[in-house]
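Comments concern the structure below.
No value in this document is a laboratory result; all are computed from the given coordinates. Worth saying up front: this structure is predicted, and the values here are computed from it rather than measured. In this analysis, Cβ positions are derived from the backbone assuming ideal geometry, glycine residues included, and neighbour counts consider all displayed protein chains.
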């Protein structure tokens with residue numbers, strides 16, 4: 001009985017330590033943008049309702065998928081949607097899931113639609129690098145509330161990729177359609193979150209008579 005209590009206590013301490021590290025340590029430790037003179041992007045978070053999406057616009061995120069709530073993200077410059085040779089290096093301190101928030105109107109030409117029913121046409125938008133880099137569509141959407149303009153909600157598809165700690169380079173959006181610049185967000189790797197969940201499950205099972 002004493003051994004079981006010690007084992008449970010030890011497991012609880014490990015889980016608590018890992019959880020503290022996951023929630024307190026910054027995942028995005030650095031960003032470097034190239035080939036643009038627009039307002040420089042900023043590391044931000046948490047990603048919640050009404051969080052500012054850009055450093056140079058008052059637009060805010062809304063209808064955030066559960067997987068992204070609380071995520072670290074980058075407030076990019078919306079003006080960089082017109083930067084033909086845009087590059088953004090994102091440096092991560094740990095393995096994580098990296099998300100791209102890609103406007104659903106990308107590649108659809110000139111339209112005032114909100115994009116709710118659409119998917120971005122990445123090849124037509126000159127953004128085949130997204131698929132080539134291994135990002136996949138999660139079939140979830142997030143919206144941007146465009147304050148200061150039409151006050152409309154414009155929708156984006158959430159693409160994801162599991163990445164290792166280190167630096168990943170993201171490229172241009174330059175599609176000629178003047179769409180909102182894509183967003184970037186990051187959450188801890190799923191394996192870490194699964195570990196925490198399994199640990200909690202083990203504790204509950206041990207308390208069951």
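Let me know the volume per residue of the alpha-carbon convex hull for the range 48-146, in Å³. It would help to have the intermediate numbers written out before the result.
Working: hull volume 12.2 nm³, N = 99.
Considering the Cα atoms of the range 48-146, their hull volume per residue is 123 Å³.
Would you mind ranking 68, 171 so that the residue whose beta carbon has the fewest other beta carbons within 10 Å leads the list?
Fewest to most other Cβ atoms nearby, the residues stand as 171, 68.
Subtract the Cα-Cα distance of residue 79 and residue 116 from 0.36 nm times their separation in residues, and report this length gain in nm to one decimal.
Numbers: separation 37, 0.36 × 37 = 13.32 nm, distance 2.27 nm.
Length gained, residue 79 through residue 116: 11.1 nm.
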